[in-house]
Structures are given as structure tokens and as C-alpha cells.
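The values are calculated or read from the model by the stated rules, or taken from the named source; none is laboratory data. Remember, it's a predicted structure, so these values are computed and weren't measured experimentally. Methodologically, a virtual Cβ is constructed for each residue, glycine included, from the backbone with ideal geometry; neighbour enumeration extends over all protein chains shown.
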């Protein structure tokens, strides 16, 4: 028997859980499927100090657990499960969970997030959260006055390097090519920042560390000269991959795969379908902006369901 749900939220993290909190208070009985990584990317962050309301900081895992418990207390149903198939051709939308369970949803909030791209090095994985990061804004504060490295040569890498240069003693940019892919304005800012040193035609071979975390990075120049550079943190800025493939046959996305929403709303090109968090945000990618977009998605879903109910009631008269 197919289960019918008023508001289905796919994905957890600050966007999904906040959407669940607001949807619960609106009385639209949200059901959340947490996905492959309950709590989202923040569960890989050791400590968060830039989310309002936590003067002493909080671990990503603890914050997500608190958001989850708040959603449950207000009436949301949070389930373990991964969406493996979707049919958004008509409403109610048909969603398959773990290739077994089929649910129908009058409204759907996609909060599946985005996955940071990594180099694929075993040492990189070993020290993730102990000096390896994909977010300078999130973790840069912990390296105040220290030496760090940024991997990448695009606008994002330059932005990360410039942000870190305001905090750190020294910032190395590890760039594979002999030019930056960033805009000319961004290149000029990097070039004239005395704290940033660009390592041209350079590949990251290994992240070095010990029990305390990252202690250095081993790089290869021109495919032949190997050098170990002492640093305390390394930031990957080679892009993010939005987790939108499952829905892209119906939902409009941009050239990078991020779901396109209507203006400042969470509405997509499919009526009744809303997007929140990093899956639709290629710019900010912060916990606080994801939470805010989850709030918008729940409010948009509530308005949609109210209008749908009103239309159906009038049709029945």
C-alpha cells in the first residue's frame, strides 16, 4: 500500500531539519528522509563558531542532533532512508525509498545538499576534520596566525585564499597550471596580497600529519621536484557537486547542476516542488543560509498546500 504524505522533505542538515521545524509548526505533517549522511556535511565539521546562538561554539554533529530533536518534538517524523527513485511528472509526486518503499507527496522539499570535491588521497581522508577542510569560512578561524594551503586556481580558491590571508600568517595556493582560472580582478587581489604565495604547476601528492592533525603537505613541481611544506591546515577549493541528479529530469538546474529557484523564493519550475540549502546555493554554502532557505521552503510549501486545498474544496462544491 502506498503511503500518502502532505509534505515530504528529502535530506537533512540545517536546511532539511529547519524546513521540518517550520512545516511542523504550520501543521502540514512533514516527513523527513535523512539520506546517506544524516545531518549533512556539518557532521564532518569538528566545531562551529559562526552560527548565532552558540557563544562557546558547538560540534557539527551535536548541532544537527539538536535540530533533529527540535523537529521531532514539534511533530515532524524523521526516518532513516535514501531516495532511490523519483517520478515528478504529476502530483502527488511518487518517491521510492531504498528501492522498496513507495510514498506519494502533495509537496516535496529537496534539501539534499552538495558534496565538496576532494583530491581522493588516502591521507586527505585520514585528516579530514583534523586540518583538511573544504570551507575556509567555516574553519579558517582555527588557523589564526598559522600557515595554511589552498588547493585550486579558480575564483573560489582565490576567495578562500584571500579570506584566510586575513586570519593566517601565510597562505600557499597550490595551482596545477601556470595561470589562475579566476577572474582578472580576483587574480590581481591575490597577486598583490603579501601573505599569499602561489605555487605554480604544482600537484598535491600527500597530506602530512601526526596524532595532532595536519603538519604539512607534500607537493610535486613540474611532475618531478618533490617538496614538503610545513602547514597546519589545507583547504580544498576545487568545487562542489550539488546532489540534484535524481530530480534533474524534471527540475531546472544551472550549468553546474544547482537547482534553479524563482527569485528569492524556494519555488522551482515544478509546482509543489521546493529546494533548500546547498543543492540550490552555489554562492554562500553556509549553515545559517541553508537554515534560512529551509524556513522559506517550508513556508512556500505551506502556502502551496493551502491554495491546493482551497482549489480542491471549491472544485467539489
Quickly run through the range 125-134 and pick out the residues that are surrounded by fewer than 20 Cβ atoms within 10 Å (Cβ to Cβ), in contact (Cβ under 8 Å) with a residue 24 or more places away in the chain and either under 19 Å from the mean Cα position of the chain (by Cα) or not in a helix (DSSP H, G or I) (or both).
128, 129, 130
I'm told residue 111 meets every condition in (1) touching a helix residue (DSSP H, G or I) at 6+ places or on another chain (Cβ under 6 Å); (2) at pLDDT below 95; (3) within 16 Å of residue 276 (Cβ to Cβ) except one. Can you identify the failing condition by its number?
(2)
Among the residues of the range 301-313, is there at least one that is buried (at least 22 other Cβ atoms within 10 Å of the Cβ) and within 21 Å of the chain's Cα centre (by Cα)?
no
In the range 205-229, anything in contact with a strand residue (DSSP E or B) (Cβ under 7 Å, 6 or more places away or on another chain) and within 18 Å of residue 129 (Cα to Cα) is listed as 206, 207, 208, 209, 214, 215, 216, 217
Restricted to the range 45-78 and to residues being on the phi > 0 side of the Ramachandran plot and free of Cβ contacts under 8 Å to residues at least 24 places away in the same chain, the residue surrounded by the fewest Cβ atoms within 10 Å (Cβ to Cβ) is 53
Checking residue 266 against (1) modelled with pLDDT of 95 or more; (2) surrounded by 22 or more Cβ atoms within 10 Å (Cβ to Cβ); (3) closer than 28 Å to residue 178 by Cα, only one condition comes out false. Which one?
(3)
Among the residues of the range 222-258, the number that are free of Cβ contacts under 8 Å to residues at least 40 places away in the same chain, at positive phi and under 17 Å from the mean Cα position of the chain (by Cα) is 1
Top-ranked residue in the range 152-168 [being in contact with a strand residue (DSSP E or B) (Cβ under 8 Å, 6 or more places away or on another chain) and assigned to a loop (DSSP other than H, G, I, E, B); ranked as farthest from residue 142 (Cα to Cα)]
153
Has the range 287-294 got any residue that is at pLDDT below 95, in the same structural domain as residue 75 (by TED's automatic domain parsing), in contact with a helix residue (DSSP H, G or I) (Cβ under 8 Å, 6 or more places away or on another chain) and on the phi > 0 side of the Ramachandran plot?
no
Looking at residue 281, is it surrounded by fewer than 13 Cβ atoms within 10 Å (Cβ to Cβ) and farther than 23 Å from residue 173 by Cα?
no
Any chance residue 182 is closer than 11 Å to residue 234 by Cα, touching a residue at least 24 places away in the same chain (Cβ under 8 Å), under 27 Å from the mean Cα position of the chain (by Cα) and not in a strand (DSSP E or B):
no
Note on the range 196-211: residues without any contact (Cβ under 8 Å) to a residue 12 or more places away in the chain and either outside the structural domain of residue 166 (by TED's automatic domain parsing) or buried (at least 17 other Cβ atoms within 10 Å of the Cβ) (or both) are none
Of 190, 171, 214, which residue is buried (at least 20 other Cβ atoms within 10 Å of the Cβ) and not in a strand (DSSP E or B)?
190
Surrounded by 13 or more Cβ atoms within 10 Å (Cβ to Cβ) and within 30 Å of residue 182 (Cβ to Cβ), is that true of residue 229?
yes
So which residues in the range 269-278 are surrounded by 24 or more Cβ atoms within 10 Å (Cβ to Cβ) and in a loop (DSSP other than H, G, I, E, B)?
276
Can you tell me which of (1) free of Cβ contacts under 8 Å to residues at least 12 places away in the same chain; (2) closer than 18 Å to residue 136 by Cβ is the one residue 282 doesn't meet?
(1)
Going by the structure shown, is residue 293 surrounded by fewer than 17 Cβ atoms within 10 Å (Cβ to Cβ) and in a helix (DSSP H, G or I)?
no
Could you tell me how many of the residues in the range 1-37 are touching a helix residue (DSSP H, G or I) at 6+ places or on another chain (Cβ under 8 Å), within 17 Å of residue 82 (Cβ to Cβ) and surrounded by fewer than 21 Cβ atoms within 10 Å (Cβ to Cβ)?
1
